[in-house]
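J.: This is the structure I want to talk about, given as structure tokens.
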Amino acid sequence: MIDSLVSIIIVNYNGREYLNECLTSLLKQTYRNFEIILVDNNSSDDSLDYVAQCFPDVRVIRNKVNLGFSHGCNVGVRASRGDMICLFNQDAIADKEWLSTLVYVLHSSENLAAVAGKVLYWGNRYGENKVFCTWSKIDPYTAGAYNFYKGDEPMSNVDYLTGAAMLVKREVIDKVGLLDEVYFLYFDETEWCARMIRASYDLVYVPQAIVWHVVSGSISDSELKSYYITRSRIRFALKNFDLSYLPIFFAFFIVESIYALITALKQKEFLPVAKTRARAVIWNLTHLRQTIKMRREDFRLLRRSGRKLRSYNKSLPLKDYKIGRLEQYLKFLGK
């Protein structure tokens, strides 16, 4: 019988409107051996008072400032006791069999690092039970992160798992390290998964495990979202791509930027788009030395892990799965 303790980490920022359904869904799980740790990133709403009153068994950690998603998750991981660590978003709810399904699959292979299930949109904005994410793919040339929408993809190894609701073995975290806290938003779990892939672990999508998610429930500013996605995507490539793939990445990024600026000019949105791109590039230039240093530290950690290291770009399970790059990337940006 599988009875591993699961530590469910929820990073909360002004999520009061979601917390009742989120926490209620977790407390109704058929898998019972878990703890819930809510890490609050200095919310200004009444989230903490509400949790203390209505969910007294939930352990709360209060940060004095907004540390972002990855740093907030790490605070929770360091305070947790579980053999398995679950990252779960404040604006998500889980089917009652979700956790038991993921725990069973994660126990099925020693080489499995992490698992995640099918993500549906929470609410009827796009139709009832509309699929948001099944397989997750990274383009090995552009670093574009693509979520698939059809919903009928089978259980499979994938390129990364959504941090909205993923389950990871603690022993794997011990080998590949915690989330990179420099990512404030976006690509943080993708970066984590990249280290797992380079360390020859598998990441598996499990369609039977279902969650509903309010996509971008904590950030509604499209310009700010675009900035963080672009900033984090550049850093992700710099930190994780094989060196031989970096010139290809930059070539694609330049062409993509020219196209984006021409399109924005036609739509009379040139200045916001140019500003967003410029800010993202400048941030990466000013943090380049830090990024290179952390890349080297990651590689040293992986070499000491005892795992066989492999190419990242050439080892992506979905690298040969062809899709329209521009269309999928624009969907990811919410355009």
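The values are calculated or read from the model by the stated rules, or taken from the named source; none is laboratory data. Note that this is a predicted model, so its numbers are computed, not measured. Backbone-built Cβ (ideal geometry, glycine too); neighbour counts: all protein chains shown. Ligands, DNA and RNA are stripped out before the accessible areas are found, and what is left, the full protein with its side chains, is counted by its heavy atoms. Shrake-Rupley method; radii C 1.70, N 1.55, O 1.52, S 1.80 Å.
J.: Starting from the exponent 0.38 and prefactor 2.2 Å, build the expected Rg for the stretch 215-302 from its residue count and divide its actual Cα Rg by it. Provide the component values of the computation, followed by the final result.
T.: On the way: Rg = 14.8 Å, N = 88, 2.2 N^0.38 = 12.1 Å.
Cα Rg divided by the expected 2.2 N^0.38 Å: 1.23.
J.: HN-Hα J couplings of the stretch 200-213 from phi, Karplus 6.51/-1.76/1.60, θ = phi - 60°, integer Hz, Gly and Pro as x?
T.: In residue order, the calculated couplings are 6, 8, 9, 10, 10, 8, 10, x, 6, 8, 10, 10, 10, 9 Hz.
J.: Which links in K175/K319; K137/K308; K137/K169; K130/K268; K28/K225; K150/K308 stretch past 27 Å when you go from one Cα to the other?
T.: Working: K175/K319 25 Å; K137/K308 23 Å; K137/K169 21 Å; K130/K268 32 Å; K28/K225 33 Å; K150/K308 34 Å.
Check vs 27 Å cut-off fails for K130/K268; K28/K225; K150/K308.
J.: So what are the three principal axis dimensions of the stretch 22-128 from its Cα atoms, in whole Å, longest to shortest?
T.: Here the spans come out as 41, 37, 24 Å, largest first.
J.: Per residue, how many Å² of accessible area does the stretch 109-178 show with a 1.4 Å probe? Please list the in-between numbers first.
T.: Numbers: 2560 Å² over 70 residues.
For the stretch 109-178, the solvent-accessible area averages 37 Å² per residue.
J.: I'd like the Karplus ³J(HN,Hα) series for the stretch 279-292: coefficients 6.51, -1.76, 1.60, θ = phi - 60°, whole numbers in Hz, and an x wherever there's a Gly or Pro.
T.: Once θ is set to phi - 60°, the couplings for the stretch 279-292 become 4, 5, 5, 4, 4, 5, 5, 6, 10, 4, 4, 5, 4, 5 Hz.
J.: Something else about it: Angle between the Cα long axis of helix 68-79 and the longest principal axis of the chain, 0 to 90 degrees, nearest 10?
T.: Approximately 40 degrees, to the nearest 10.
J.: Could you give the alpha-carbon Rg of the stretch 82-230 over 2.2 N^0.38 Å, rounded to two decimals?
T.: In units of the globular-protein estimate, the stretch 82-230 measures up at 1.00.
J.: Can you tell me the Rg and Dmax of the stretch 86-144, counting just the alpha carbons, in angstroms?
T.: Rg and Dmax of the stretch 86-144, Cα atoms, are 14.2, 40 Å.
J.: Give the Rg (one decimal place) followed by the Dmax (whole number) of the stretch 53-114, computed from C-alpha coordinates and expressed in Å.
T.: 14.1, 41
J.: Does anyone have the angle between helix 246-266 and the longest principal axis of the chain? Alpha-carbon axes, 0 to 90°, nearest 10?
T.: It works out to around 80 degrees.
J.: Please list, ordered by chain and number, the residues whose modelled amide H lies under 5 Å from the amide H of V60; skip anything fewer than 5 residues away on the same chain.
T.: L38
J.: Per residue of the stretch 53-59, what does 6.51 cos²θ - 1.76 cosθ + 1.60 with θ = phi - 60° give for ³J(HN,Hα)? Whole Hz please, x for Gly and Pro, Karplus curve as stated.
T.: In residue order, the calculated couplings are 7, 9, 9, x, 7, 7, 7 Hz.
J.: A further question follows. Project the alpha carbons of the stretch 163-246 onto their principal axes and report the range along each, largest first, in whole Å.
T.: 38, 37, 21
J.: Rolling a 1.4 angstrom probe over the protein heavy atoms, how many square angstrom per residue are accessible across the stretch 232-286? All intermediate terms of the calculation are to be shown ahead of the outcome.
T.: Values: 3130 Å² over 55 residues.
Dividing the accessible area of the stretch 232-286 by its residue count gives 57 Å².
J.: If you build the convex hull over the alpha carbons only and average its shadow over all orientations, what do you get for the stretch 1-76? Give it in nm² to one decimal. Could the numbers behind the result be given before it?
T.: Details: hull surface 20.3 nm².
About 5.1 nm², averaged over all directions.
J.: For an R0 of 35 angstrom, estimate the FRET efficiency from the Cβ-Cβ distance between E297 and D46 and round to the nearest 0.05.
T.: Values: r = 40 Å, r/R0 = 1.14.
The calculated FRET efficiency here is 0.30.
J.: Using a 1.4 Å probe on the protein chains only, how many percent of the accessible area of the chain belongs to carbon and sulfur? Walk me through the numbers on the way to the answer.
T.: On the way: 8180 of 15370 Å².
Carbon with sulfur: 53 percent of the solvent-accessible area.
J.: Percent relative contact order of the chain, based on C-alpha pairs within less than 8 angstrom and at least six residues apart?
T.: On the way: 626 pairs, mean separation 64.3, N = 335.
Relative contact order comes out at 19 percent.
J.: Listed highest first by mean packing, meaning other Cβ atoms within 10 Å per residue, what order do 257-264, 80-87 come in? Let's see the in-between values first.
T.: Values: 257-264: 14.8, 80-87: 21.4.
Result, highest mean Cβ count within 10 Å first: 80-87, 257-264.
J.: Please work out which option in (i) 21.7; (ii) 15.8; (iii) 16.7 gives mean projected area of the Cα convex hull in nm² calculated from these coordinates, and answer with its label.
T.: (iii)
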